[in-house]
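Since the structure comes first, as structure tokens, the remarks are kept for the end.
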Amino acid sequence: MNRALPSSVAARRVFLDGGFRAATVRIANGVVAAVDAFDARADVVVDDGHVLLPGLVDSHVHFNEPGRTGWEGFATGTAAAAAGGVTTVVEMPLNSIPVTTTPAALAAKREAAAGQLAVDIAYWGGAVPENLGSLDTLLDAGVVGVKCFLAPSGIDEFGHLDADQLERALAELAAHDGLLIAHAELQEHLGDAHGPVFTDFVASRPPAAEVEAIRRVIDAARRTDARAHIVHVAAAGALDLVRAAKAEGVRLTIETCPHYLTLRAEEVPDGQGRFKCCPPIRDGANQDLLWEGVLDGTIDAIVSDHSPATAELKDNADLGAAWGGISGVQTGLRAVWTEARRRGIALERIVPLFTTGPAGLVRLDRGSIATGAPAHLAVFDPEAERTLTVDELAYRNRMSPWVGRRLRGAVVETYLRGERIYTQGAGLLSRNGREVLV
């Protein structure tokens, strides 16, 4: 196949309206012009063993530029996204320097991103004690919403909100129909972690820290009628709270991550900082309940929470001292599909959580193959199977908890606005990603 932009892509299995069927995607000016019957004469005909998916949307990534580009950066981060079939990412307001809590900081981040993007990018702002009362300026500058922490974030420049400040932030955003996303753990439930034993680290951040923080967000969202979202839910004990809140009409959504759905605390080796994240990976019984939340619609999105750091910070046998964060933007679909298949769950059940789920959260017209939508596509081989190696990773710091694990599935090609930007054999082919400002 050549690099010319195709005007049609056909496949025997195209993900449309929640299921797979034969179709041809017609493309004009970078958008889907029509979806027609399968045409064997299309410019690109996908191998019968592969499926054609909408480009994935990952609404939770930390690329850390400017300021901590040594941890990742826009060039490597978006290249890794393309290799994972992700065509749109939403960048978090930390751990860059400056943190994205002012329009000026957003402008600095946008300047740093210029010319480096392999995929499209939108931005989160941040809510900290110092900028309450001016969150509307971030919304006006084009962020999709603002993020807060309810416990210390791990960096001094991004402070957390107490109960009163959380309510103030939600009330302020409600006036603009803005979205607040929350890292939901409460400091009073957190203990100190020391040493290499992984289960000791898990015990230092018990499920109650999450459950009570989520209860706080729900109560405040109910009182303010604000839109609220809980990031990286790990504690399945919170799911009944979420179900009840949604049934009541509280404007609440939640996400979980591939590491919580595929890794189990009792199987994590001790002294391996690459498995450390906050909230922590929990046990298999908890994971089973998270999968119930995926299948019954309680969980709205599966996103990576791609949060890398240098080997010096991560590779520490003392799990209290190692930096917390999982690198996963490149491997999310493969990891989750591996576990879903083991559980007898069809691919079409999980695809929406990687596409329309996160896209709907940030109100972007992404994640579906439909007339008028951007022609963002991913060709996926669901039957491929191989052991993940360090050499495959496009991250600046090539660490992953899935290295050495047998993963099912492979992203064969990725298209951005109809242009093939990645192939499994050649790697990244172009950098024509764009900013998406709301």
Once both axes come from the Cα atoms, what is the angle between helix 239-248 and the longest principal axis of the chain, in degrees from 0 to 90, rounded to 10?
80 degrees
Gaussian network model of the chain, Cα springs within a sub-10 Å range: biggest mean-square fluctuation belongs to which of Ile369, Ile230, Ile97?
Ile97
Nearest-0.05 FRET efficiency for Glu248 and Ser430, computed from C-beta distance (R0 41 Å):
0.30
Rounded to one decimal in nm, the spacing of the 7 Å Cα→Cβ label points at Thr137 and Ala37 is 5.9 nm
By the scheme Lys and Arg +1, Asp and Glu -1, what is the net charge of all other residues having a beta-carbon under 14 Å from that of Leu252?
+2
Per the helix-only model, the chain has a calculated mean residue ellipticity at 222 nm (DSSP H runs of ≥4, -39500 (n - 2.57) each, divided over all residues, rounded to the nearest 500) of -8000 deg cm²/dmol
For the chain, set up a Gaussian network in which alpha carbons nearer than 10 Å are linked by springs, and say which option among Ala169, Ala384, Ala122 fluctuates the most.
Ala384
Counting pairs of alpha carbon atoms under 8 Å apart in space and at least six apart in sequence, what relative contact order in percent does region 206-250 give?
51 percent
GNM on the chain, Cα springs under 10 Å; top mean-square fluctuation among Glu385, Glu172, Glu413 goes to Glu385
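List the relative contact order of region 12-125 as a percent without decimals, with contacts defined as Cα pairs under 8 Å and 6+ residues apart. Walk me through the intermediate numbers first.
Values: 182 pairs, mean separation 25.0, N = 114.
The normalised contact order for region 12-125 reaches 22 percent.
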Using only Cα atoms and rounding to the nearest 10 degrees, what angle (0 to 90) does helix 74-83 make with the longest principal axis of the chain?
60 degrees
DSSP beta bridges in the chain, what fraction antiparallel, as a percent rounded to 5?
50 percent
Which lysines have a Cα less than 20 Å from the Cα of Lys314, not counting those fewer than 8 places away in the same chain?
Lys276
For every other residue with a beta carbon closer than 14 angstrom to the beta carbon of Thr356, add +1 if it is Lys or Arg and -1 if Asp or Glu, then tell me the sum.
-3
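In region 280-378, which trypsin sites (Lys or Arg not before Pro) fall in coil by DSSP and have 16 or fewer other Cβ atoms within 10 Å?
Sites meeting the loop and neighbour criteria: Arg343, Arg363.
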Formal net charge of residues neighbouring Gly73 (Cβ-Cβ distance under 9 Å; K, R +1; D, E -1)
0
With a cut-off of 8 Å between alpha carbons and a minimum separation of six or more residues, what is the relative contact order of the chain in percent?
22 percent
Return the distance in nm (one decimal) between the two label points of a simple spin-label model at Ala107 and Leu437, each offset 7 Å from Cα along Cα→Cβ.
1.1 nm
Share of the chain's accessible area from carbon and sulfur, percent, 1.4 Å?
47 percent
Quick check: pseudo-label points 7 Å beyond the Cα along Cα→Cβ at Thr310 and Ala346, how many nm apart are they?
4.9 nm
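What is the extension gain from Asp283 to Ala317, computed as 0.36 nm multiplied by their sequence separation minus the C-alpha to C-alpha distance, in nm to one decimal?
Details: separation 34, 0.36 × 34 = 12.24 nm, distance 2.05 nm.
The Asp283-Ala317 span can extend by a further 10.2 nm.
The values are calculated or read from the model by the stated rules, or taken from the named source; none is laboratory data. These numbers were taken from a predicted model, which means no experiment stands behind them. Cβ atoms come from the backbone with ideal geometry, glycine included; neighbour counts cover every protein chain shown. With ligands, DNA and RNA removed, areas are computed over all heavy atoms of the protein, side chains included. Shrake-Rupley method; radii C 1.70, N 1.55, O 1.52, S 1.80 Å.
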